[in-house]
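Working notes, structure below.
The values are calculated or read from the model by the stated rules, or taken from the named source; none is laboratory data. Everything numeric here is computed off the predicted structure, so don't read it as measured data. Positions of Cβ are generated from backbone atoms using ideal geometry, with glycine treated the same way; all protein chains shown enter the neighbour counts.
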Amino acid sequence: MQPAFTPDELRAGDRFFHRPWQLLKSVPELQFLPPADRHEVAFAGRSNVGKSSLINALVGRRGLARTSNTPGRTQELNFFQTPGVPFYLVDMPGYGFAEAPKAKVEAWTQLVRDYLRGRPTLLRVLLLVDARHGLKSADATLMTLMDEAAVSYQAVLTKTDKVAPSRLSQTLAELTAELATHPPALARVLATSARTGEAIDALRAEIAALAAAHAPASAEGSAADAHRGGQR
């Protein structure tokens, strides 16, 4: 069952994302990270899980996050921002693509590991899981890293339009059971489809509520405005 959000929460999420989000910078090494002056949510997942498509669906804009038929195109930490909202969306490098050069895989792995362990403003990682395949060993490896770093994370199923309802229910049950064994993981799982728009509004509401709950004092007015806008 999808997490329930009120109409006001859904409208606030819509308002939060329907802004001119833009790429701030791509970070190949930690030394190039933007200042940790605001909170952020990161999107992680196996190569070809649909991260870029999901981000584009959230902001309602094609081409913000680069999509490709070649798995593993995202090789850096991509930071997105929008005026008036002190918050970053972070597209993390994909993982688990066996045909990538070993040196490149090791570099990506080290970048992700260091980012998870050392980014104080990281509120949550959204772990994207392909609904057709469920959790894989590469996902388990990342979950272990997040467990060790005590990073809060939440699972988001992608490409739900490509599986039968019975199979989706089974995958949701299996995923929820596995998450229960990981203390930093949230129990709520969202089942989304960037193609059909399934649960995109719920994911917007989830992220917007998280951002509002951790908004700095200087941004309280903006956060309040966003929520009032959602309540009209």
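Points worth noting:
- Set ALA149, ALA65, ALA140: member being surrounded by 15 or more Cβ atoms within 10 Å (Cβ to Cβ), at pLDDT 85 or above, over 23 Å from PRO20 (Cα atoms) and aliphatic (A, V, I, L, M): ALA149
- Options PHE97, PHE87: the member that is modelled with pLDDT under 90 and either surrounded by 21 or more Cβ atoms within 10 Å (Cβ to Cβ) or in a loop (DSSP other than H, G, I, E, B) (or both): PHE97
- Residue ID - surrounded by the fewest Cβ atoms within 10 Å (Cβ to Cβ), chosen from residues in segment 171-185 that are within 24 Å of ASP161 (Cβ to Cβ) and either over 19 Å from the mean Cα position of the chain (by Cα) or touching a residue at least 40 places away in the same chain (Cβ under 8 Å) (or both): ALA177
- Residues being within 17 Å of the chain's Cα centre (by Cα), assigned to a helix (DSSP H, G or I) and farther than 19 Å from LEU186 by Cα - total across segment 112-137: 3
- Segment 153-191: number of residues that are of a type in the set (A, V, I, L, M, F, W, C) and in a loop (DSSP other than H, G, I, E, B): 6
- Meets criteria (at pLDDT 95 or above and over 25 Å from THR82 (Cα atoms)) for LEU203: no
- Of all residues in segment 13-58, those being more than 18 Å from the chain's Cα centre (by Cα) and either surrounded by 20 or more Cβ atoms within 10 Å (Cβ to Cβ) or of a type in the set (S, T, N, Q) (or both) number 1.
- Test: ALA209 is assigned to a helix (DSSP H, G or I) and farther than 16 Å from ALA42 by Cβ: yes
- Figure legend. Inter-residue proximity from segment 192-211: first residues touching a residue at least 24 places away in the same chain (Cβ under 8 Å) and surrounded by fewer than 21 Cβ atoms within 10 Å (Cβ to Cβ), second residues charged (D, E, K, R) and in a helix (DSSP H, G or I), beta-carbon distance below 8 Å, spacing 6+ or different chains. Indicated pairs: ARG195/ASP161; THR196/ASP161; GLU198/ASP161; ASP201/ASP14; ALA209/GLU9.
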